[in-house]
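The values are calculated or read from the model by the stated rules, or taken from the named source; none is laboratory data. All values derive from a computational prediction rather than experimental measurement. All Cβ positions, glycine included, derive from the backbone under ideal geometry; neighbour counts span all protein chains shown.
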DNA sequence: GGTCGATTCTTTCGCCTCAAAAGTAAGTGC
DNA sequence: GCACTTACTTTTGAGGCGAAAGAATCGACC
């Protein structure tokens, strides 16, 4: 049982699809799997047998509650052994490293944060190795490491460009691999979060899915048919040229009236500071706006309008089945969600399908979890993806 | 040879994929097909044999010119017998029906137009049957009819809503089928044009593709993985709420400053008429603008700016590999293409991939050809698509 | 002009996967 | 206890696929 979870890799295509379906779809009976994968019952028996024998899947007693009482032979749901392996995810910011340990299902089972005192690549790799060693004491069955970085990442191994770390072409995956002897995946943070949501979150099972993050900057990620669409400007900063209102505010970052100007946390703080002379935090500004303080209220109102227009444009042109709003800047939705929705509707055809807009207040551990999902994907898919 | 092109339908999945690849990809050797479809050479021999025996494919002598001189056994390109079947496509406008006959490759081999004197459904069906009968004299091997209509079409058979014909829930396909004994597909005109471009035109082989049409109204169609994304507001008129410039012109159709206001032919004519008191044609307005006449020039300049912004938004959010600009209103690109491109770049990230923007001046026969492609698809795919 | 190598296509063979159908298991309803 | 329903398993046969060897047809080279 313990050592038997042999390598996940030597799976046939059919077996892998079954494994993934169970992994992301929760416990599923063979009949349900047959329905989802368009296979005959007989095939399901054939495909699941080796997976169960290898310990990758187990038959779970019952779906939690007795569920609905049905006639006939009760189904025998299959589930992955979520705790059979652990995965580590890190999110690197300018001054902190946030770490999590997750199960195969990407549930967070531990957290570990450390201040980042150096931007020297070797120093960062050392820190990550130390943190990993510490986590490995409690979770000996670590199967991989995922690292999320703001910036441009190539081949899921090399940080090609990261302004806030001042990195260029740093082979971070190799640096950490040689210190930990674990497979390492590096990816842009928004991309990582997107993959996590695509596999285990809001985007599960959808054909067209968008993730829009608001924080220090904007992030945009389009998922089509389960695959993230790569794009050149990826995380050299989206939205600096998405001009929402040509007469909008002029801010240090982004073109006048751009989505970056009007929505990112630094620029909202800048606008309020420029008007009041005081440097409030983002949360304070939201509170002031909610309380009716004129200037913050106007800035937030304009931000909400900008977000509504932005979401409407995304919905109009990319036509996703769902849009996930994430990041630290989604507090805007709590204070001015109505304005966002209203503006969005004004910029949509009245007969258009309502936008399935989901808001997820995410902290840095959610970003780290996103990175861990990459490690899960690598184990399951065998590192073979674009 | 003549009667042998048995039914296209009883094909295995593998055979069908080969047939479609040859159909849309031109003459292809077995080796090339094996490469594209990820099959072994042996499989190709197996799959092509019955297709050749049934007369659907033929071995063509050589690729036109002797091509490159290579060592080894020369390849034996396969091609469909494009003239083995003919297809009819109609585009219905308020006062005309435009008809074409195409080959299996969707090349137009004949045209036939007739004034539409009635909007009575039976009368329209009668006219289509008459035209079909006339075309059938020259092209006896008609295999299907495609009809493109502006408006909302359901199940490719029923015109659910067509304002300009004042139709509601008209089973046009059935009406024409019973008069012609041919399979009939009805589809929204933009959708038909999009399918044609996806199979045989600019969108061939692309994973993400957008068609934007400018004419009496706007049309928008997103193709992902070879499939058009269906959408609710489909052809109840796109773009009335795509607000490009809140301070833009107020026109009879569309919200103030919307894409419809600023780009469609009737609204451009309206703007110029409101300013000059004369009712110029679209082409005259373009000429006046090019000659420097202030008011038309300003209207066209604003239209170009609007188009640039619109295309940039599409590129930013839907990230297509190519955008096709079609319709009768693309003359704008000839006069003010630079302005469009310039504005587009201003609204894109400087590092973003350049937008592959293609302009296609299309007349009504191109729309009819699009409808004919639907008939081709039905024959090839067996009417099985969403 | 004969041989060699390159390239394309064909043939043969065995493996793998799948679906169909029949059989088994395990519950509910009466 | 009996019929019925649903879930799963086993068996069997067909079909598609790739690997590998062979045949065809060209250019290159001596």
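When residue B:253 is tested against (1) away from every other protein chain (no Cβ under 11 Å); (2) crowded, with 18+ Cβ neighbours inside 10 Å; (3) under 28 Å from the mean Cα position of the chain (by Cα), exactly one condition is not met: (2).
I want to confirm something. Restricting to the range B:350-386 and keeping residues that are within 14 Å of chain A (Cβ to nearest Cβ) and out of contact with any helix residue (DSSP H, G or I) (no Cβ under 8 Å at 6 or more places or on another chain), which single residue is modelled with the lowest pLDDT?
Initially, the range B:350-386 is screened for residues within 14 Å of chain A (Cβ to nearest Cβ), giving B:350-356, B:386.
Now narrow it down to the ones that are out of contact with any helix residue (DSSP H, G or I) (no Cβ under 8 Å at 6 or more places or on another chain): B:350-351, B:353-354, B:356, B:386.
Values: B:350: 87, B:351: 84, B:353: 87, B:354: 91, B:356: 96, B:386: 40.
This residue is B:386.
Determine, yes or no, whether residue A:308 is more than 14 Å from chain B (Cβ to nearest Cβ), under 18 Å from residue A:242 (Cα atoms) and in contact with a helix residue (DSSP H, G or I) (Cβ under 7 Å, 6 or more places away or on another chain).
Here the answer is no, as residue A:308 does not meet what is asked.
Out of B:204, B:278, I need the residue that is under 30 Å from residue B:295 (Cα atoms), touching a helix residue (DSSP H, G or I) at 6+ places or on another chain (Cβ under 9 Å) and part of a loop (DSSP other than H, G, I, E, B). Which one?
On the way: B:204 fails: under 30 Å from residue B:295 (Cα atoms).
Matching residue, one of B:204, B:278: B:278.
Select from the range A:33-50 the residues that are more than 10 Å from DNA strand C (Cβ to nearest atom) and either outside any helix (DSSP H, G or I) or over 10 Å from residue A:78 (Cα atoms) (or both) and list them in ascending order.
If we filter the range A:33-50 for residues that are more than 10 Å from DNA strand C (Cβ to nearest atom), which is where we start, we get A:33, A:35-36, A:48-49.
Passing the criteria: A:35, A:36, A:49.
Residue pairs whose Cβ atoms lie under 9 Å apart, sitting 6 or more positions apart in sequence or on different chains, and linking a residue in the range B:61-82 that is within 24 Å of residue B:106 (Cα to Cα) and assigned to a loop (DSSP other than H, G, I, E, B) to a partner that is at pLDDT below 65 and within 14 Å of DNA strand C (Cβ to nearest atom), are B:77/B:63.
Just a yes or no: is a residue in the range A:8-30 in a loop (DSSP other than H, G, I, E, B), closer than 24 Å to residue A:197 by Cβ and within 13 Å of DNA strand D (Cβ to nearest atom)? Yes: the range A:8-30 contains one or more residues that are in a loop (DSSP other than H, G, I, E, B), closer than 24 Å to residue A:197 by Cβ and within 13 Å of DNA strand D (Cβ to nearest atom).
The set of residues in the range A:359-384 being assigned to a loop (DSSP other than H, G, I, E, B) and touching a residue at least 24 places away in the same chain (Cβ under 8 Å) consists of A:362, A:363, A:382, A:383. State all residues of the range A:203-214 that are more than 9 Å from chain B (Cβ to nearest Cβ), in contact with a strand residue (DSSP E or B) (Cβ under 8 Å, 6 or more places away or on another chain) and surrounded by fewer than 22 Cβ atoms within 10 Å (Cβ to Cβ); if no residue qualifies, say none. Residue satisfying the conditions is A:206 alone.
Residues that are more than 11 Å from chain A (Cβ to nearest Cβ) and either crowded, with 23+ Cβ neighbours inside 10 Å or in a helix (DSSP H, G or I) (or both) within the range B:291-305 comprise B:291, B:294, B:295, B:296, B:297, B:298, B:299, B:300, B:301, B:302, B:303, B:304, listed in sequence order.
Looking at B:79, B:155, B:95, just one residue is in the same structural domain as residue B:28 (by TED's automatic domain parsing) and modelled with pLDDT under 95, and that residue is B:79.
Can you name every residue in the range B:323-358 that is assigned to a strand (DSSP E or B) and surrounded by 19 or more Cβ atoms within 10 Å (Cβ to Cβ)? Before the answer, list the steps.
Within the range B:323-358, the subset assigned to a strand (DSSP E or B) is B:323-327, B:357-358.
If the condition is that a residue be assigned to a strand (DSSP E or B) and surrounded by 19 or more Cβ atoms within 10 Å (Cβ to Cβ), then B:323, B:324, B:325, B:326, B:327, B:357 are the ones that fit.
Scanning the range B:217-244 for residues that are more than 8 Å from chain A (Cβ to nearest Cβ) and either without any contact (Cβ under 8 Å) to a residue 12 or more places away in the chain or surrounded by fewer than 20 Cβ atoms within 10 Å (Cβ to Cβ) (or both) gives B:226, B:227, B:230.
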